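**Student:** After the structure tokens below, expect a handful of questions from me.
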Amino acid sequence: GKDSNMNTLKEEMIKRVEELNEKLEGKEFHLEVKEAFKNNGNKFGITILSDNNKYKMCPTVYKECMEDIWYDDDKVIEFLERIYEENKDKKLDVKTLCSRDYILENVRLRVVSDANIGEIKKMNIAYKHYLDMLILFYIDVSEASSADATASITLRKEELARAGIEQTELLNSAIRNIENDYVVSSMEKVICEILDIPVEEAPDMSGDVEMYVITNSHKIFGAASILSTRILNAVSYLIGGDFIILPSSIHECIAVPYGKMESEELREMVREVNDNQVSPEDRLTYNVYKYSKGELSIM
């Protein structure tokens with residue numbers, strides 16, 4: 001099953017990292033295998049640790065980034081060394097990042113399927129159950145982000161306890177923070193962006209049901225926008241009443257006016273998108289939601 005595959009993968013990673021560490025003689029860093037929670041299953045990465053400064057940022061690189069050079073020692077080491085060099089002067093001010101004010105001002109939300117509950121409990125990650133989803137809290141670490149990687153910290157219960165933050169307060173702050181950064185676009189506009197054509201040349205969709213895509217400006221974890229009544233009311237105003245939400249991924253959702261399509265047809269769409277368009281770690285849920293009278297529910 002899934003677990004034994006995971007273990008084999010982990011053992012393979014550990015063995016490979018041992019081999020690579022032996023060849024790092026004279027370098028300033030060494031490698032360790034790191035397990036990270038990703039939606040719907042854990043991922044194994046290699047963390048690059050500095051030998052002479054424990055407060056340095058430790059970048060983690062996932063095996064997928066090195067798939068084509070994975071068995072070539074020199075190339076992998078050269079790749080990891082480049083990342084080490086790029087990051088070695090960045091420092092993370094952990095004290096600030098874990099302070100009460102900093103967390104409340106910067107916390108954001110992401111939603112994942114509640115099928116992840118076992119992993120999340122095991123790793124003591126702070127969460128709140130909502131419908132068939134789990135709300136997780138994270139902080140973007142902008143100092144640590146670069147062109148090819150964004151860094152974020154998913155908050156655990158002990159960090160909240162240490163900062164003296166209650167969950168309700170955390171949730172309210174996080175919702176306020178995401179309300180400053182949401183984007184609702186018509187499907188036509190989104191399609192034009194993907195095809196890189198001006199809106200005037202949009203394919204004719206007049207016969208189709210109007211659809212809106214809800215996300216945030218980075219298009220990362222944007223599906224969490226559905227946790228805000230203010231955002232949902234803005235969508236309702238745009239659509240002119242009740243609407244349906246199709247969870248297209250953890251990064252975005254699609255809103256469709258209520259009553260324009262049969263629920264079976266909508267469920268089929270979600271299934272179709274999940275199974276064919278979305279990678280498993282970006283999948284949210286297979287349900288369809290309805291927003292009516294200020295309330296989101298599973299249809």
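**Student:** Any chance the range 77-98 includes a residue that's among the hydroxyl-bearing types (Ser, Thr, Tyr) and in contact (Cβ under 8 Å) with a residue 60 or more places away in the chain? Spell out the reasoning first.
**Tutor:** Looking only at the range 77-98, we keep the residues that are among the hydroxyl-bearing types (Ser, Thr, Tyr), and these are 84, 96.
Filter once more, keeping what is in contact (Cβ under 8 Å) with a residue 60 or more places away in the chain: none.
Scanning the range 77-98, I find no residue that is among the hydroxyl-bearing types (Ser, Thr, Tyr) and in contact (Cβ under 8 Å) with a residue 60 or more places away in the chain, so the answer is no.
**Student:** Kindly establish whether residue 151 is open to solvent by less than 50 Å² (accessible area, probe 1.4 Å), touching a helix residue (DSSP H, G or I) at 6+ places or on another chain (Cβ under 7 Å) and modelled with pLDDT under 95.
**Tutor:** yes
**Student:** Can you spot a residue in the range 184-199 that is farther than 30 Å from residue 37 by Cα, modelled with pLDDT under 95, part of a loop (DSSP other than H, G, I, E, B) and among the aliphatic types (A, V, I, L, M)?
**Tutor:** For the range 184-199, residues farther than 30 Å from residue 37 by Cα, modelled with pLDDT under 95, part of a loop (DSSP other than H, G, I, E, B) and among the aliphatic types (A, V, I, L, M): present.
**Student:** Return yes when residue 297 is in contact (Cβ under 8 Å) with a residue 12 or more places away in the chain, touching a Lys or Arg at 6+ places or on another chain (Cβ under 9 Å) and open to solvent by 10 Å² or more (accessible area, probe 1.4 Å) and no when it is not.
**Tutor:** yes
**Student:** With respect to residue 165, determine if the residue is crowded, with 16+ Cβ neighbours inside 10 Å and farther than 30 Å from residue 64 by Cα. Break it down into steps so the answer makes sense when it comes.
**Tutor:** Numbers: crowded, with 16+ Cβ neighbours inside 10 Å: yes; farther than 30 Å from residue 64 by Cα: yes.
For residue 165, the condition - crowded, with 16+ Cβ neighbours inside 10 Å and farther than 30 Å from residue 64 by Cα - is met.
**Student:** Related question: Which one of these does residue 168 not meet: (1) in a loop (DSSP other than H, G, I, E, B); (2) more than 20 Å from residue 297 (Cα to Cα)?
**Tutor:** With (1) in a loop (DSSP other than H, G, I, E, B); (2) more than 20 Å from residue 297 (Cα to Cα) applied to residue 168, the lone miss is (1).
**Student:** Pairs, please: C-beta under 6 Å, at least 6 apart or cross-chain, first residue under 14 Å from residue 106 (Cβ atoms) and aromatic (Phe, Trp, Tyr) and in the range 163-174, second buried (at least 16 other Cβ atoms within 10 Å of the Cβ) and at pLDDT 95 or above?
**Tutor:** none
**Student:** Let me ask another. Could you grab the pairs with beta carbons closer than 7 Å, sequence gap of 6+ or different chains, first residue in the range 180-205 and touching a residue at least 60 places away in the same chain (Cβ under 8 Å), second one open to solvent by less than 60 Å² (accessible area, probe 1.4 Å) and in a helix (DSSP H, G or I)?
**Tutor:** 184/234; 184/235
**Student:** Does the range 221-250 hold any residues that are touching a residue at least 24 places away in the same chain (Cβ under 8 Å), outside any helix (DSSP H, G or I), open to solvent by less than 40 Å² (accessible area, probe 1.4 Å) and touching a Phe, Trp or Tyr at 6+ places or on another chain (Cβ under 9 Å), and which are they? Show your work before the answer.
**Tutor:** The first filter runs over the range 221-250 and keeps only residues touching a residue at least 24 places away in the same chain (Cβ under 8 Å), leaving 221-236, 238-239, 242-250.
Right, trim to outside any helix (DSSP H, G or I) and you get 221, 228, 242-250.
Of the ones still in play, those that are also open to solvent by less than 40 Å² (accessible area, probe 1.4 Å) are 221, 228, 243-250.
Matches in the range 221-250: 221, 228, 243, 244, 245, 246, 247, 250.
**Student:** When you go through 105, 85, 64 one by one, which is the residue that is over 22 Å from the mean Cα position of the chain (by Cα) and open to solvent by 60 Å² or more (accessible area, probe 1.4 Å)? Can you show your working first?
**Tutor:** Details: 105 fails: over 22 Å from the mean Cα position of the chain (by Cα); 64 fails: over 22 Å from the mean Cα position of the chain (by Cα).
Sole residue among the options that is over 22 Å from the mean Cα position of the chain (by Cα) and open to solvent by 60 Å² or more (accessible area, probe 1.4 Å): 85.
**Student:** In this structure, does residue 216 turn out to be free of Cβ contacts under 8 Å to residues at least 60 places away in the same chain and either open to solvent by less than 80 Å² (accessible area, probe 1.4 Å) or within 18 Å of residue 110 (Cβ to Cβ) (or both)?
**Tutor:** Details: free of Cβ contacts under 8 Å to residues at least 60 places away in the same chain: yes; either open to solvent by less than 80 Å² (accessible area, probe 1.4 Å) or within 18 Å of residue 110 (Cβ to Cβ) (or both): yes.
For residue 216, the condition - free of Cβ contacts under 8 Å to residues at least 60 places away in the same chain and either open to solvent by less than 80 Å² (accessible area, probe 1.4 Å) or within 18 Å of residue 110 (Cβ to Cβ) (or both) - is met.
The values are calculated or read from the model by the stated rules, or taken from the named source; none is laboratory data. Computed from a predicted structure; not experimentally measured. Cβ: placed from backbone, ideal geometry, glycine included. Neighbour counts: every protein chain shown. The area values use the complete protein model at the heavy-atom level, side chains included, leaving out ligands, DNA and RNA. Shrake-Rupley method; radii C 1.70, N 1.55, O 1.52, S 1.80 Å.
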